[in-house]
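The values are calculated or read from the model by the stated rules, or taken from the named source; none is laboratory data. The structure presented is a predicted model; accordingly, all values stated were derived computationally and were not measured. Cβ atoms come from the backbone with ideal geometry, glycine included; neighbour counts cover every protein chain shown. The accessibility values were calculated without ligands, DNA or RNA, using every heavy atom of the protein model including side chains. Shrake-Rupley method; radii C 1.70, N 1.55, O 1.52, S 1.80 Å.
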Amino acid sequence: MSTGALFQESRSMIDDLLHAANGLIEMANGEMVDLGEEEEEELPELEPEPAVDMAELEALGLYDAQLQEVELGLKEKLPVQLYAQSCYNWMQMKEIRLGMMSEVDVKWYMNPLYNAEQMHQIRLGLEYGLDVSGYARLIYTVSDMYKKRHALMEEKYRSGGADQERYVTDEFTHIRLHFSADLMTAWIMLPKNDNRTYSVAELRRLLKKYEVRHGIQAEGLREATIEEIRGKEILIAQGIPAMPGKDGYYELFFDRELPDAPELLADGSVDYSHVVVADTAQPGQKLAQYRPAGRGKPGMTVTGITIDGEKGRDLPPLTGSGIMADNERRIYTAAIKGYVTYDADRCKLNVMQTYLVNGDVNSYSGSVIYDGTVHVSGAVSGKALIRATGDVIVDGFVSGGTIEAGHNVILRGGVNAADQGVIQAGSRIMGKFFERARLIAGSDIEGNYFLDCIVHSEGKVVAKGGKSRIMGGEMTASAGVEAGIIGNYGSTSTAVTVANLYELTEQLQDIKEQQKKVSSEQEKLEEGKEKLEKLIGEGAVADQRIYHKILQAAAIKQNEWTMLEQRMEQLKTVKKNAMQADVKALKELRPGTSITINGVTRKITEASPGMTLTEEVLLGKKKP
C-alpha cells in the first residue's frame, strides 16, 4: 500500500472516531441519540437505506459478537444503522435490536452510557406501555430502575390500565409466552418443529427470565415437556384475583320490622291474629351497631404484582326518630319506649311511640291521628279515620272507614268495607281476608282471599293458604300476583295487571323533572342567602327576618329533595322487581279473568289448570 493510500485510510478512521466521540459527548449532555436520522432526511422519500458494509464495520473495530447482532438485525430487516456503532457493546446492541423487534421507541435508551441491564429495564417498561420518563435516566442504577418499573407496573395494573395482551418469543429457544392483558394468566407454546427436549427446570428458568414468578402450574410445566403438545398453548401460570371486602352492615339487636309469619290453620286458611309488627324497645336499649366495611383481599398477577382488593361499600349513618347515637354514630339506642321499625334501603331506624285505642273506632268515637304507631284493640267501622306515621294495628273487624299508615297495616281480623273503606300503607298490608275494599300499598299485600277489591301494590299481591283465591275486582301489582285460584265462574270479571314498566318509567321521569325544579329553586335561595349575608356583614341590612325566611325555605326545599331522592330509589327497586313479575294461579285460572303483563293483555275464556303467566307466555313466545 502506498504512503498516500495509508495516510488516507488513517485519516478516514480518525474522522470516524471523532464522529463517535462527538456523539458520546452529546449523549453525556443528556441529548437523545438519533444516529443516521439526518442522513435519512437527505434521501429521496422512496430511495432505500444504504446497505450496511460488514467489512467496513469490521475495519472500524467491531468484533464478532457485535457483527452477529448486526447480522441478526439485517435478517429481521431492521434499521441496524441505529446501533451498528463501535460505541455499543454486543449486549447493548441486542437490547436495541430486541426493542426494534418489539416496535418500541428505542431512542429512550440508545445512550451508550447506559449499560445493557439499564437498557433492558427501559425496554421492558416500553414493552409494557409504561411511561419510562421517570426512570430512563443515567443517575439511576439497574436496581433503581427495576424498582421504579415495578412501581409503575403495579400502579397501572392496580388501576385496570392494561389494555392489550402481550406476546413474547424467546430469541434462543423460540418458545412463546402469551400474557393476558391483566397479567393474571400466562400460556406457553413450544415450537412445533424443534427436536430439542426441555426439562421442567429449564422451563422454570425461562419463566423466571420473563418475570413469571407466581402461580406457576406444575401440571402445565409437565405437559409442556411432552413433544405431542408442541405448537399448542398451555396454561403455565394463573394469578390470584383480588377479592372485594365485605360491605358495611348494621347488626340489629331487635326483631325486624317485617311482620311475623301468620299461622296456617287446619282448614287451610291463614290466621293473622298473632302477627306482630315489630319488637318493642325500652329507653336506653341498644338497637343497632354499625360494622364498618372490610378491606379487600389482595390478589397477585403472574409477574408478582400485588393487586389490592377493593374495600367494601360503607353505609351512611342511620337517621330516624326516637333514637340516640354515640359520638362516632356507630351504636344506636332507643330514646323512648315504642315499636322499633327499620328500613334497610333508606338506613332509617325509628322508635315509634304507640297510641293504644282500647275499644272501637267509628263515626262517633272521632278520628285518630298520631305521630307514631296506633294500636286499636276493637273494630273499625263507619266513617272512622285512623292516620299514623308509623304502623296501624287493628285487632278487630274492619267494616269501613279510612286507615292510613306510614309503614305497615296489620289487620288481625278481616275486612268487609262494602265499597266504603280505604286502607293505605307506605309498606305492607296484611289481613285475614279482604272484601269490597280499596287497598293501596308501597310494598306487598297479603291475605287469605280477595273478593271484589280494588288493589294497587308496588310489591306483590299474595293470597295465602289452602283456600287462597282472588275473585272479582281490579288487581294491580308491580312485582306480581299469586293465588291458588284466580277468577270467578260467576258474571263478575277479574282484572289482574302486573309489571307496568311504561308507567314506572314515566313516574321516574316525572321525579327527575321535579328534582330539576327543586334544584333550581335551591340555587336561587342559596344565591339570595349569599347576597343577604354580604349586605348584613356590611351593615347595609339590619332587619334579618327575610334572611331567616330564606333559611326556612331552604330547609323545606332540602326536605323536598330528600323525599324525592327516597321516592326515586323506591321506584327503581319497584321497577327492578317488575322486570321479573308474573301471575301465578297455583290451582286454577278461571274464565272471565283478564291478565295484563307490561301492557300485553289476554282474556281467559275457559278454565285452565294451575300455571305461571309471563309477558313471553302472553305473546306466545313461551309455553306456560
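The table for this structure:
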item	result
Positive-end residue, the chain charge dipole about Cα centroid, Cβ charges, pick of PRO624, GLN282, ILE234	GLN282
Label-reachable residues, the range 384-408, where backbone N falls under 18 Å from a point 7 Å from SER365's Cα toward its Cβ	384-405
The range 378-481 - accessible surface per residue (Å², probe 1.4 Å)	30
Percentage relative contact order, the range 401-510, counting C-alpha pairs under 8 Å, at least six apart	16
For ASP345, solvent-accessible area (1.4 Å; no DNA, RNA or ligand), Å²	140
Counted charge near GLN118, where neighbours are those whose Cβ lies closer than 14 Å (Asp, Glu -1; Lys, Arg +1)	+3
Unit charges at the beta carbon, dipole of the range 519-624: most positive-side option, THR593, ALA553, THR605	THR605
Summed side-chain charge close to GLU616 - residues other than GLU616 whose Cβ falls under 13 Å, Lys, Arg +1, Asp, Glu -1	+2
Protection proxy ranking of 167-174, 398-405 - average other beta-carbon atoms within 10 Å, highest first	398-405, 167-174
The range 417-477 and the range 500-560: distance between their alpha carbon centers, rounded to Å	39
For the range 321-421, convex hull of alpha carbons as volume per residue, Å³	92
Inter-site label distance for MET243 and ASP131 at 7 Å from Cα along Cβ, in nm	3.5
Packing-based ranking, highest mean first, of 204-214, 558-568 given that Cβ atoms within 10 Å are counted	204-214, 558-568
Largest to smallest accessible area among LEU318, LEU451 [probe 1.4 Å]	LEU451, LEU318
Distance in nm between pseudo-label sites at THR562 and LYS621 (7 Å out along the Cβ direction from Cα)	4.3
Heavy atoms of LYS512: accessible area, 1.4 Å probe, square angstrom to 10	100
Label zone at LYS516, where the point sits 7 Å out along the Cα-to-Cβ direction: the range 549-589 residues whose backbone N lies under 18 Å	561, 564-565, 568
Inter-part distance where the range 571-624 and the range 129-198 are each reduced to a Cα centre, Å	57
Percent accessible area from carbon and sulfur atoms, the chain, protein chains only, probe 1.4 Å	51
Sparsely packed chymotrypsin sites (Phe, Trp or Tyr not before Pro) within the range 453-552, loop by DSSP, other Cβ within 10 Å at most 15	TYR489
Separation in nanometres of the label points that stand 7 Å from Cα toward Cβ, at ARG222 and LEU265	6.9
Cβ-based charge dipole, the chain, positive-most Cα from TRP90, GLY366, ALA405	GLY366
Per-pair calculated FRET efficiency, R0 = 30 Å: GLU155 and GLU202 via Cβ, rounded to 0.05	0.35
Prolate/oblate/rounded call for the chain, Cα gyration tensor, a/c under 1.5 rounded	prolate
Added length on full extension, which subtracts the Cα-Cα distance from 0.36 nm per residue, LYS587 to GLU503	27.2 nm
For peptides 434-444, 53-63, 380-390, sequence by mean Cβ density within 10 Å, most packed first	434-444, 380-390, 53-63
Sequence of GLU533, GLU506 when ordered by accessible area, the most exposed leading, probe 1.4 angstrom	GLU506, GLU533
Net +/- balance of residues flanking LYS286 in space, Cβ distance below 13 Å, scoring K and R +1, D and E -1	-2
For the range 179-254: relative contact order, % (alpha-carbon pairs under 8 angstrom, 6 or more apart)	42
Per-residue ³J(HN,Hα) for the range 467-478, Karplus 6.51 cos²θ - 1.76 cosθ + 1.60, θ = phi - 60°, Hz, x for Gly and Pro	10, 5, 7, 10, 10, x, x, 10, 10, 10, 9, 5
Contact order normalised by residue count of the chain, Cα under 8 Å, 6+ apart, percent	6
Lysine pairs in the range 395-537 with Cα atoms under 23 Å, if 8 or more residues apart or on separate chains	10
Straight-distance crosslink candidates among lysines, where the alpha carbon sits under 29 Å from LYS75 and sequence neighbours closer than 8 are dropped	LYS94, LYS107, LYS192, LYS208, LYS209, LYS232
